[in-house]
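Everything below concerns the one structure shown next.
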Amino acid sequence: MKKTQQKGSKGDDKSGMKWAYVGIALLVAVAMVGSYFAPMFNRGQTAQVGDTALIGYTIRDEDGRPIVTTDQKLLEREYNKGNYGLLLSDGLEVAVGSQVSGENITVIPILYPRISEFSGFSLLGFEMNAISEALVGMRAGEMKTVRFSYGVNKLEKSLSEEDAEGLGLDITEWNVGDLVPLGLTLTPEIPVGNETAVTPALRLGKVTAKTPDSMVITYRYGSAEVTLYGITG
């Protein structure tokens, strides 16, 4: 799994975090985004292994802060509180009870704000496996909180000043607790032969430790609030 980073400092208009400073007035532009995605629940159904489930979700970091959601009401509440970094996504189809490699990357769409630098928002196999397992036995319309576990995988990277510069980060501009946009791909950053470069998927890391010449970025998430909209297959 390859981590890349958009060039630029935290305050640079060209940096990957430019979307985090969207004003509340722009909510009008997304008020109807995804309004077509209003499933009709069949509460008699329960999800079984092998089914395909359509879900809504809110992914939260380890501090409980929402970072991506399909819930437009939550988006509005968070924007009113000043959390302009919350991303709006679309519903997702998940194979119930399926398991994939922990480092597998599932790319989910970002509806708002527009982020051209990334192909979407990334969830790792660790997270998708937990969501898929939790869906077993859920009824349409039910919501469940799913805690993420990564086993022995710390999902953190210690960066020297030189390492950070290679990712386009200026250590002096970042503090403990800051969210850092990372780009994840499973392919080399530099294409070989006739291969074309792959647009990375967004992964939000957090600065969890810092010294004058190094910092640690952790890219784990805490939980997901999952709503089963329906069973599509």
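What follows is calculated from the coordinates using simple rules that are stated; it is not laboratory data. Note that the structure is a prediction, hence the values are computed from the model and not measured. For neighbour counting, all protein chains shown are included, and Cβ atoms are generated from backbone atoms with ideal geometry for every residue, glycine included.
Using a simple spin-label model with pseudo-atoms 7 Å out from Cα toward Cβ, ASN80 and VAL176 lie 3.4 nm apart.
Want the number for VAL198 to THR52: 0.36 nm per residue separation, take away the alpha-carbon distance, what's left? The partial results should precede the final answer.
Values: separation 146, 0.36 × 146 = 52.56 nm, distance 2.77 nm.
Difference between extended and current length: 49.8 nm.
Label reach from LEU155 (point 7 Å along Cα→C-beta): in the stretch 49-93, amide nitrogens under 14 Å belong to 59-65, 67-68.
What FRET efficiency do you get for GLN45 and GLU117 if R0 is 35 Å and r is their Cβ-Cβ distance, rounded to the nearest 0.05?
On the way: r = 39 Å, r/R0 = 1.12.
Efficiency computed from Cβ-Cβ geometry: 0.35.
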